[in-house]
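Trainee: My questions all concern the structure below.
The values are calculated or read from the model by the stated rules, or taken from the named source; none is laboratory data. Given the structure is predicted, the values throughout are model-derived calculations rather than measurements. Cβ sites come from the backbone with ideal geometry, for glycine too, and all protein chains shown count toward neighbours.
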Number of protein chains: 2
Amino acid sequence: MDVKNIRAYGTVAADADLKQLEINRRGVTAKDVEIDILYCGVCHSDLHFARNDWGMTQYPVVPGHEIVGKVLKVGDDVNQYKVGDLVAVGCLVDSCRSCANCKNDLEQYCPEWVGTYGGYDKHLETNTHGGYSETIVVDEAFVLSVPENLDLAGIAPVLCAGITTWSPLRHWNVGKDSKVAVVGLGGLGHMAIKLADALGAHVTLFSRSTNKIDDAKALGADEIIISTDESQMQSAMGRFDVIIDTVPYEHDLNPYVGTLNTNGTLVVVGYLGPLDPMLVTVPLIMGRKSVAGSLIGGIAETQELLDFCGEHNITSDIEVINMQDINTAYERMLKSDVKYRFVIDMKSLKS
Amino acid sequence: MDVKNIRAYGTVAADADLKQLEINRRGVTAKDVEIDILYCGVCHSDLHFARNDWGMTQYPVVPGHEIVGKVLKVGDDVNQYKVGDLVAVGCLVDSCRSCANCKNDLEQYCPEWVGTYGGYDKHLETNTHGGYSETIVVDEAFVLSVPENLDLAGIAPVLCAGITTWSPLRHWNVGKDSKVAVVGLGGLGHMAIKLADALGAHVTLFSRSTNKIDDAKALGADEIIISTDESQMQSAMGRFDVIIDTVPYEHDLNPYVGTLNTNGTLVVVGYLGPLDPMLVTVPLIMGRKSVAGSLIGGIAETQELLDFCGEHNITSDIEVINMQDINTAYERMLKSDVKYRFVIDMKSLKS
C-alpha cells in the first residue's frame, strides 16, 4: 500500500488543544478518489469528539466531516469523477454495502458504517482522519458532486448541518402545503429554515430569545414563536406537521408535542445529553402524534440535497477561519457565538 | 322533543357499585337511528370512567361503547339503515363534522367529538349514556353496519379494542411483509394479534410470562418473546417495523424501541398512567425510529374493520355475562382475569 504523509490539525488528548500533526493517507486504490481539501466546516460533533465527550475517542483524532475540495487523482476503476472535479465528502466514507439499510440508500443506519473521522480505515488498518487536513482519499461511492454555481466555503456545512435537517424534511414529506417548525437557531436550525422554506413550507422558528427574530426572517422563517412565552406557545397548539428539533442539550420536548397537528411528527436531530426527557404519552395518543429521531442522511440523499442547493442557490451562512484559529472557534461555538457555522479555509494549513 | 324512559345500568358515584337505573333516550330526529341493544362489550375505560379515575366523570354515568344491536326505528331522512338491520356503535356518537380531522375521516381527533357516554347530547341537553342499556339513539353518520356472518356477541369488542389496534396497523401500513410486535395480551392485545395476522404480517407477542405462549399462538402469533428475559430481548434487537403497545399502566418503553428496525414505530394505544416514561432519544436518532400514539379510529375506518372482520371471519374471544354480573366482572378485569373481553348479553337487562 502506497502511503502519503500529509499535514493535518488534530489533538492527542481530550484536554489538549488542537495543533498541527502529520498523518498518513493511503494511496488511491482502484475505486478511490484523492481530494485536495479546499474548505472544511466545523461541526459541534468535531468538538465533542476531540474532547472525548462521548467516551469513544481514540487519539490522535483529526476532526472534520464537512469537506469540499477538488479531485487530485482517481483510481483505475473510478467512473464518476475525474481530476479537477469539485467534490465533497460528508460524515461517512464507507459502509457494509450489503445490509438492508445500505441497499435502501440508508448507509447512515448501516451498523458497519465508517465515520469520516474516528472510524476504521481497513486499507491502512488505522483510524480514519477527517477534513482538518490537506487531502483525503475516499472510495468514489462516498464522494459527492458539488454544483459549480455555489460558494465553495458556504457549501461545506451542507454536508452535515444541511443533510441532518434535509433528510427528515424529505422523509416526513415536507412540501408546499406543510407547516414546519424549527427548534433552535444554530448551524442545523438555520439550514432547516432555509431548506424548509425552499421546499415551499410555511416555516416557524421556536426560539427562547426575541433577538433572533430579524435573523430568522432573513433566513426564510415566516414566523417566530418565543418558546418561553406561555401565551405564544398556547396560540401555537395543534399547528405543525413537522417539527425539527435541533437543540443539542437537555430540554423538555412536551411543549413542542403540544404544537403538533394531528399526525404530526417531532424529529429530534441533536443529542439531548445524558438525561433522558420525560415523554407525556397522552398528547401523542390524542392526535396520533410521533416523536422521532433522525441521523444525517444517506449518500444518494446527500447528493439530492447538493443538487437542490445548486438549483435554489442555497448555501450555509458562515464565518471563514484559518486552521490555526480552530481552538478559539471551539470556545466561541460553546457560547453559540457564530452565525451560523465556522468553515476552515484549508489554504491556511498548506501555506 | 319526544323522550323515552328506558332501563340501563350505571352508577351515581365513584365509590358505588353499578345498579339498574332509568335514563332518558331522545326520540328519533330526522337523521337518527334507534337501536335495540343486543350485546355490549365491557372496556377497561368503562371501569375508569365509572370510578372517576380520570377526574372527569359526571354522574350518573351509564358506560358501554362496544354496542351491537338491531335497528328499531329510523328518522325520516335516514338513508343507510332500515328497521331490522344489524348495526353497531363504537366510542363516538357525534363530532363537529366540519374541522380538518372530520373532513379527513378522523372524527376521533375532532376537538368536539361526542363520546358515546359522558359526552353531551345536544338534543336532550344532558350527558350521553352508553350501551349498558336497552336502546340507544344515534345519528346515522355514527352508526355502523355489521356483517351478517359473524357472532354478534364476539363482534362487540371490535368497536373499541379492535379499532384501537386496527387504526395504527393500517396507518403504519402493516401488510404481508411487515414484522409486527404486540406488547401485552389483553382485550386490545389479542385483537392486535388477530388483525395483524389476518393482514399477513409476521406477528410477535411480547409478554412478561411464559404461560401465555400457547394462547398467543392459537390467536395467530408466530412467536412470543418473554420481555423479562434479557437474552430474548437482546436477540430481538432491530427487528420490528411496527410495535403496538397495549399495556395500560406505567412501563419502560425503551427496551421495545431497541427492538424496532430502521424506520420502525412504537405505537402506544393504552394509558400509561400519571407517571410519564423517560424516553432515550439516541436510539430513535440512530435508526430513524418513532414513538407514537393512536386513539381508537374514525367512522369510515371502523366500518372498514367490520367489513374486514366479516371477510376474514374474525371476532373477539369473549366471555358472555349478564348485566347483573357487571360489578364482579369489573373486579375480575382488574386482575386481568378474562379471556379476553367480557360482553354483556342485554337480554338480561330486559327480562
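Trainee: Tell me the helices (runs of 4 or more DSSP H) entirely within the range B:215-309 that contain at least 2 residues that are aliphatic (A, V, I, L, M) and either away from chain A (no Cβ under 11 Å) or buried (at least 20 other Cβ atoms within 10 Å of the Cβ) (or both).
Mentor: On the way: elements: B:230-235, B:254-258, B:282-285.
Once the helices (runs of 4 or more DSSP H) in the range B:215-309 are filtered for at least 2 residues that are aliphatic (A, V, I, L, M) and either away from chain A (no Cβ under 11 Å) or buried (at least 20 other Cβ atoms within 10 Å of the Cβ) (or both), what remains is B:282-285.
Trainee: Just one of the numbered conditions (1) small (Gly, Ala, Ser); (2) farther than 23 Å from B:Ile155 by Cα; (3) buried (at least 20 other Cβ atoms within 10 Å of the Cβ) is not true of B:Ser209; which one?
Mentor: Of the numbered conditions (1) small (Gly, Ala, Ser); (2) farther than 23 Å from B:Ile155 by Cα; (3) buried (at least 20 other Cβ atoms within 10 Å of the Cβ), the odd one out for B:Ser209 is (3).
Trainee: Same structure, new question: May I ask you to say which residue of A:Ser209, A:Ser235, A:Ser231 is in the same structural domain as A:Asp276 (by TED's automatic domain parsing), polar (S, T, N, Q), out of contact with any helix residue (DSSP H, G or I) (no Cβ under 8 Å at 6 or more places or on another chain) and modelled with pLDDT under 95?
Mentor: A:Ser209
Trainee: Take the range B:17-26 and flag every residue that is surrounded by fewer than 20 Cβ atoms within 10 Å (Cβ to Cβ) and in contact with a Gly (Cβ under 9 Å, 6 or more places away or on another chain).
Mentor: B:Lys19, B:Gln20, B:Leu21, listed by residue number.
Trainee: So is A:Tyr59 aromatic (Phe, Trp, Tyr), over 18 Å from the mean Cα position of the chain (by Cα) and at pLDDT 95 or above or not?
Mentor: On the way: aromatic (Phe, Trp, Tyr): yes; over 18 Å from the mean Cα position of the chain (by Cα): yes; at pLDDT 95 or above: yes.
So A:Tyr59 fits the description; yes.
Trainee: Out of the strands (runs of 3 or more DSSP E) lying entirely within the range B:1-47, which hold 2 or more residues that are in contact with a helix residue (DSSP H, G or I) (Cβ under 6 Å, 6 or more places away or on another chain)? Don't jump to the end; show me each part of the working.
Mentor: Details: elements: B:3-10, B:19-26, B:32-42.
The qualifying strands (runs of 3 or more DSSP E) are B:3-10, B:32-42.
Trainee: Pairs needed: first member in the range A:221-236, under 11 Å from A:Val182 (Cα atoms); second member anywhere, assigned to a helix (DSSP H, G or I); C-beta distance under 6 Å; at least 6 residues apart or different chains.
Mentor: Cβ pairs passing all conditions: A:Ala221/A:Ile193; A:Ile224/A:Ile213; A:Ile224/A:Ala216; A:Ile225/A:Gln232.
Trainee: Under the condition of being in contact (Cβ under 8 Å) with a residue 24 or more places away in the chain and of a type in the set (Gly, Ala, Ser), which residue from the range A:208-220 is farthest from A:Phe308 (Cα to Cα)? Reasoning before the result, please.
Mentor: The first filter runs over the range A:208-220 and keeps only residues in contact (Cβ under 8 Å) with a residue 24 or more places away in the chain, leaving A:212, A:215-216, A:219-220.
Then drop every residue that is not of a type in the set (Gly, Ala, Ser), which leaves A:216, A:220.
Details: A:Ala216: 21, A:Gly220: 16 Å.
Going through the qualifying residues, I end up with A:Ala216.
Trainee: Looking at the range A:74-93 only, could you name the residues that are assigned to a loop (DSSP other than H, G, I, E, B) and within 14 Å of chain B (Cβ to nearest Cβ)? Walk me through it before giving the result.
Mentor: The initial filter retains those residues of the range A:74-93 that are assigned to a loop (DSSP other than H, G, I, E, B), namely A:75-85, A:90-91.
Passing the criteria: only A:Cys91.
Trainee: Regarding B:Tyr117, is this residue within 23 Å of B:Asp345 (Cβ to Cβ), assigned by TED's automatic domain parsing to the domain that holds B:Phe142, buried (at least 20 other Cβ atoms within 10 Å of the Cβ) and of a type in the set (Ser, Thr, Tyr)?
Mentor: Numbers: within 23 Å of B:Asp345 (Cβ to Cβ): yes; assigned by TED's automatic domain parsing to the domain that holds B:Phe142: yes; buried (at least 20 other Cβ atoms within 10 Å of the Cβ): yes; of a type in the set (Ser, Thr, Tyr): yes.
Considered against the rule, which asks whether it is within 23 Å of B:Asp345 (Cβ to Cβ), assigned by TED's automatic domain parsing to the domain that holds B:Phe142, buried (at least 20 other Cβ atoms within 10 Å of the Cβ) and of a type in the set (Ser, Thr, Tyr), B:Tyr117 comes out as yes.
Trainee: Could you check how many residues of the range B:318-328 are of a type in the set (D, E, K, R) and touching a residue at least 24 places away in the same chain (Cβ under 8 Å)? Give the derivation first.
Mentor: We begin by selecting, within the range B:318-328, every residue of a type in the set (D, E, K, R); these are B:319, B:325.
If we keep only those that are touching a residue at least 24 places away in the same chain (Cβ under 8 Å) as well, we get B:319.
Matching residues across the range B:318-328 total 1.
Trainee: Pull up the range A:106-129, narrow it to residues that are acidic (Asp, Glu) and not in a loop (DSSP other than H, G, I, E, B), then point me to the one that is nearest to A:Gln58 (Cα to Cα). Give the steps one after another, and end with the answer.
Mentor: The first filter runs over the range A:106-129 and keeps only residues acidic (Asp, Glu), leaving A:107, A:112, A:121, A:125.
With the extra rule that they be not in a loop (DSSP other than H, G, I, E, B), the set shrinks to A:107, A:121.
On the way: A:Glu107: 23, A:Asp121: 13 Å.
Among those residues, the one meeting the criterion is A:Asp121.
Here is a yes/no grid of residues against (1) in contact with a Pro (Cβ under 7 Å, 6 or more places away or on another chain); (2) among the charged types (D, E, K, R):
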{"site": "B:Ile6", "(1), (2)": "no, no"}
{"site": "B:Arg25", "(1), (2)": "no, yes"}
{"site": "B:Gly41", "(1), (2)": "yes, no"}
{"site": "B:Asn52", "(1), (2)": "no, no"}
{"site": "B:Ile67", "(1), (2)": "no, no"}
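Trainee: Does A:Lys70 qualify as being within 28 Å of A:Thr315 (Cβ to Cβ) and basic (Lys, Arg)? Lay out the reasoning, then the answer.
Mentor: Numbers: within 28 Å of A:Thr315 (Cβ to Cβ): yes; basic (Lys, Arg): yes.
Here the answer is yes, as A:Lys70 does meet what is asked.
Trainee: When residues of the range A:159-189 are filtered for being in contact with a strand residue (DSSP E or B) (Cβ under 8 Å, 6 or more places away or on another chain) and under 12 Å from A:Asp317 (Cβ atoms), how many remain?
Mentor: So the answer is 4.
Trainee: Looking at the structure I just gave you, is B:Leu279 modelled with pLDDT under 95 and more than 30 Å from B:Asp337 (Cα to Cα)?
Mentor: Details: modelled with pLDDT under 95: yes; more than 30 Å from B:Asp337 (Cα to Cα): yes.
Yes: the conditions hold for B:Leu279.
Trainee: So which of A:Arg288, A:Arg341, A:Arg332 is at pLDDT 95 or above and on the phi > 0 side of the Ramachandran plot? Outline the logic, then answer.
Mentor: Working: A:Arg341 fails: on the phi > 0 side of the Ramachandran plot; A:Arg332 fails: on the phi > 0 side of the Ramachandran plot.
After applying the criteria, what remains is A:Arg288.
Trainee: Name the residue, out of A:Val71, A:Val83, A:Val93, that is touching a residue at least 12 places away in the same chain (Cβ under 8 Å) and under 20 Å from the mean Cα position of the chain (by Cα).
Mentor: On the way: A:Val71 fails: under 20 Å from the mean Cα position of the chain (by Cα); A:Val83 fails: under 20 Å from the mean Cα position of the chain (by Cα).
Testing whether each residue is touching a residue at least 12 places away in the same chain (Cβ under 8 Å) and under 20 Å from the mean Cα position of the chain (by Cα) leaves just A:Val93.
Trainee: Got at least one residue in the range B:318-339 being buried (at least 22 other Cβ atoms within 10 Å of the Cβ) and within 29 Å of B:Asp252 (Cβ to Cβ)?
Mentor: no
Trainee: Do you know which residues across the range A:136-161 are under 15 Å from A:Ile344 (Cα atoms) and touching an Asp or Glu at 6+ places or on another chain (Cβ under 6 Å)?
Mentor: The answer is A:Ala156, A:Pro157, A:Leu159, A:Cys160.
Trainee: Still on this structure: Tell me which residues, restricted to the range A:107-159, are touching a residue at least 40 places away in the same chain (Cβ under 8 Å), within 14 Å of chain B (Cβ to nearest Cβ) and under 23 Å from A:Leu47 (Cβ atoms).
Mentor: Of the range A:107-159, the ones touching a residue at least 40 places away in the same chain (Cβ under 8 Å) are A:107-109, A:115-118, A:121, A:123-124, A:126-127, A:129-159.
Checking which are within 14 Å of chain B (Cβ to nearest Cβ) leaves us with A:107-109, A:115.
Those that are touching a residue at least 40 places away in the same chain (Cβ under 8 Å), within 14 Å of chain B (Cβ to nearest Cβ) and under 23 Å from A:Leu47 (Cβ atoms): A:Gln108, A:Gly115.
Trainee: Tell me which residues, restricted to the range A:147-183, are among the aromatic types (Phe, Trp, Tyr) and either outside any helix (DSSP H, G or I) or at positive phi (or both). Outline the logic, then answer.
Mentor: First, pick out the residues of the range A:147-183 that are among the aromatic types (Phe, Trp, Tyr): A:166, A:172.
A:Trp172, the sole residue that qualifies.
Trainee: Consider B:Thr315 carefully, then state whether it is in contact (Cβ under 8 Å) with a residue 40 or more places away in the chain, in a loop (DSSP other than H, G, I, E, B) and among the polar types (S, T, N, Q).
Mentor: Details: in contact (Cβ under 8 Å) with a residue 40 or more places away in the chain: yes; in a loop (DSSP other than H, G, I, E, B): yes; among the polar types (S, T, N, Q): yes.
Here the answer is yes, as B:Thr315 does meet what is asked.
Trainee: Which ones in the range B:175-192 are buried (at least 24 other Cβ atoms within 10 Å of the Cβ) and under 18 Å from B:His44 (Cβ atoms)?
Mentor: Keep residues of the range B:175-192 that are buried (at least 24 other Cβ atoms within 10 Å of the Cβ), which gives B:180-185, B:187-192.
The answer is B:Val182, B:Val183, B:Gly184, B:Leu185, B:Gly187, B:Leu188, B:Gly189, B:His190, B:Met191, B:Ala192.
Trainee: Right, something else. Out of curiosity, is B:Cys96 within 19 Å of A:Asn263 (Cβ to Cβ), surrounded by fewer than 19 Cβ atoms within 10 Å (Cβ to Cβ), within 14 Å of chain A (Cβ to nearest Cβ) and modelled with pLDDT of 95 or more? Can you show your working first?
Mentor: Values: within 19 Å of A:Asn263 (Cβ to Cβ): yes; surrounded by fewer than 19 Cβ atoms within 10 Å (Cβ to Cβ): yes; within 14 Å of chain A (Cβ to nearest Cβ): yes; modelled with pLDDT of 95 or more: yes.
Here the answer is yes, as B:Cys96 does meet what is asked.
Trainee: So which residues in the range B:296-322 are over 17 Å from B:His190 (Cα atoms), in contact with a Lys or Arg (Cβ under 9 Å, 6 or more places away or on another chain) and not charged (D, E, K, R), if there are any at all?
Mentor: Matches in the range B:296-322: B:Gly297, B:Asn322.
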